[in-house]
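**Student:** Provided herewith is a single structure, encoded as structure tokens, for subsequent inquiry.
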Ligand SMILES: [Zn+2]
């Protein structure tokens, strides 16, 4: 470079100067072309980004149509999650009769859905390498709600792996209206209606319709016996809540549930609710009453610290006369909304 510089400054031949001028022109032209290309690229990129943003806005508008944010923040909530951002979703009368916390009993019949997501226990159970199963079933056509079955499998697998006992037997789970009618008619014929009603619900009034309840028994050495909260099987009663199950009809609560003690009937209600009911000694009726009376949306929400380390915030939202409700939900949190099958909804927020 030193060489060229010196030659140019010292006035070399004309042709050499022209060559240099051409070279400079070429460099300048190249620079201009490069600038044009770079400018176009930036322009195109900006256009693309604008297009994407417009698309995002469209999506936001779409989801906003069913999430009508109220004009002002829900200042009156006593709890934290809703202060950080919220959405409002409409729940209908149909939703009032769905969810893990619905109450089903003689005075609150089940509202049958058009479809239920059922899985049969025969194919839905885990098969261990040695061919064994964590629990037995009394027939191949027993079905449960698919998610509830996954929780039953978890419970029974841990039980089996902890105790080595494989005698648990699921006798009955989901029942259609017709199958409940058969069972009820049989018991009435055998024991009389008054005696039958102590243990068997009328068709349409059984928790078994929900596909979230099942009856457990013990099958050992070829003998089928009632399950009791003793010996190895005590584990089931002490741990069922960790998987979202409650013993639905305890001994000392028959006056509230309306059903005599059933050591065999378990019901899925969800982990935080089962944990709270178990530790506080509440049945579903008492728990739902507590939520609607003490933990409404605009009151003090119920905070539950489960023994698995998860924290939940729970609140009740009453339904209007037509069974629907506009429910305020925290944005950015996992939550479930369950009807109670009577007069309102329970929101369960997973905090951490
Ligand atoms: Zn039962």
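The values are calculated or read from the model by the stated rules, or taken from the named source; none is laboratory data. What you see is a predicted model; the values in this text were computed from it and never measured. Virtual Cβ from ideal backbone geometry, glycine too; neighbours counted across all protein chains shown.
**Student:** Among the candidates 240, 274, 213, single out the residue that is away from the ligand (no atom under 16 Å from the Cβ), touching a residue at least 24 places away in the same chain (Cβ under 8 Å), crowded, with 17+ Cβ neighbours inside 10 Å and closer than 26 Å to residue 312 by Cα. Quick ask: steps written out before the conclusion?
**Tutor:** Values: 240 fails: away from the ligand (no atom under 16 Å from the Cβ); 213 fails: away from the ligand (no atom under 16 Å from the Cβ).
274 is the lone residue from the list that is away from the ligand (no atom under 16 Å from the Cβ), touching a residue at least 24 places away in the same chain (Cβ under 8 Å), crowded, with 17+ Cβ neighbours inside 10 Å and closer than 26 Å to residue 312 by Cα.
**Student:** Can you tell which of 298, 307 is outside the structural domain of residue 149 (by TED's automatic domain parsing), out of contact with any helix residue (DSSP H, G or I) (no Cβ under 9 Å at 6 or more places or on another chain), in a loop (DSSP other than H, G, I, E, B) and farther than 15 Å from residue 96 by Cα?
**Tutor:** Details: 307 fails: out of contact with any helix residue (DSSP H, G or I) (no Cβ under 9 Å at 6 or more places or on another chain).
So the residue among 298, 307 that is outside the structural domain of residue 149 (by TED's automatic domain parsing), out of contact with any helix residue (DSSP H, G or I) (no Cβ under 9 Å at 6 or more places or on another chain), in a loop (DSSP other than H, G, I, E, B) and farther than 15 Å from residue 96 by Cα is 298.
**Student:** Now a separate question. Residues 157, 165: which one is in a loop (DSSP other than H, G, I, E, B) and closer than 24 Å to residue 132 by Cα?
**Tutor:** Result of the check over 157, 165: 165.
**Student:** Among 247, 288, 282, which is the only one that is modelled with pLDDT of 95 or more, in a strand (DSSP E or B) and more than 19 Å from residue 89 (Cα to Cα)?
**Tutor:** Working: 288 fails: in a strand (DSSP E or B); 282 fails: in a strand (DSSP E or B).
Answer to the check: 247.
**Student:** Of the residues 163, 140, 225, which single one is away from the ligand (no atom under 15 Å from the Cβ), in contact with a helix residue (DSSP H, G or I) (Cβ under 8 Å, 6 or more places away or on another chain) and within 30 Å of residue 279 (Cα to Cα)?
**Tutor:** Details: 140 fails: within 30 Å of residue 279 (Cα to Cα); 225 fails: in contact with a helix residue (DSSP H, G or I) (Cβ under 8 Å, 6 or more places away or on another chain).
Exactly one residue qualifies, and that residue is 163.
**Student:** Next up: Return the residues of the range 310-341 that are part of a loop (DSSP other than H, G, I, E, B), at pLDDT below 95 and in contact with a strand residue (DSSP E or B) (Cβ under 8 Å, 6 or more places away or on another chain); say none if nothing qualifies. Let's see the steps before the verdict.
**Tutor:** At the first step, the residues of the range 310-341 found to be part of a loop (DSSP other than H, G, I, E, B) are 310, 319-324, 331-333, 340-341.
Still in the running and at pLDDT below 95: 331-333.
Passing the criteria: 331, 333.
Here's the yes/no breakdown for (1) in contact with a strand residue (DSSP E or B) (Cβ under 7 Å, 6 or more places away or on another chain); (2) closer than 23 Å to residue 223 by Cβ; (3) surrounded by 14 or more Cβ atoms within 10 Å (Cβ to Cβ):
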position: 122; (1), (2), (3): yes, yes, no
position: 131; (1), (2), (3): no, yes, no
position: 134; (1), (2), (3): no, yes, yes
position: 137; (1), (2), (3): yes, yes, yes
position: 144; (1), (2), (3): yes, no, yes
position: 148; (1), (2), (3): yes, no, yes
position: 153; (1), (2), (3): no, no, yes
position: 158; (1), (2), (3): no, no, yes
position: 170; (1), (2), (3): yes, yes, yes
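**Student:** In the range 187-199, is there at least one residue being surrounded by fewer than 19 Cβ atoms within 10 Å (Cβ to Cβ) and either in the same structural domain as residue 283 (by TED's automatic domain parsing) or within 12 Å of the ligand (Cβ to nearest atom) (or both)?
**Tutor:** Scanning the range 187-199 turns up at least one residue that is surrounded by fewer than 19 Cβ atoms within 10 Å (Cβ to Cβ) and either in the same structural domain as residue 283 (by TED's automatic domain parsing) or within 12 Å of the ligand (Cβ to nearest atom) (or both).
**Student:** Quick check on residue 177: is it within 25 Å of the chain's Cα centre (by Cα) and either in the same structural domain as residue 286 (by TED's automatic domain parsing) or more than 23 Å from residue 150 (Cβ to Cβ) (or both)? Can you show your working first?
**Tutor:** Details: within 25 Å of the chain's Cα centre (by Cα): no; either in the same structural domain as residue 286 (by TED's automatic domain parsing) or more than 23 Å from residue 150 (Cβ to Cβ) (or both): yes.
No; evaluated as a whole, the condition is false for this residue.
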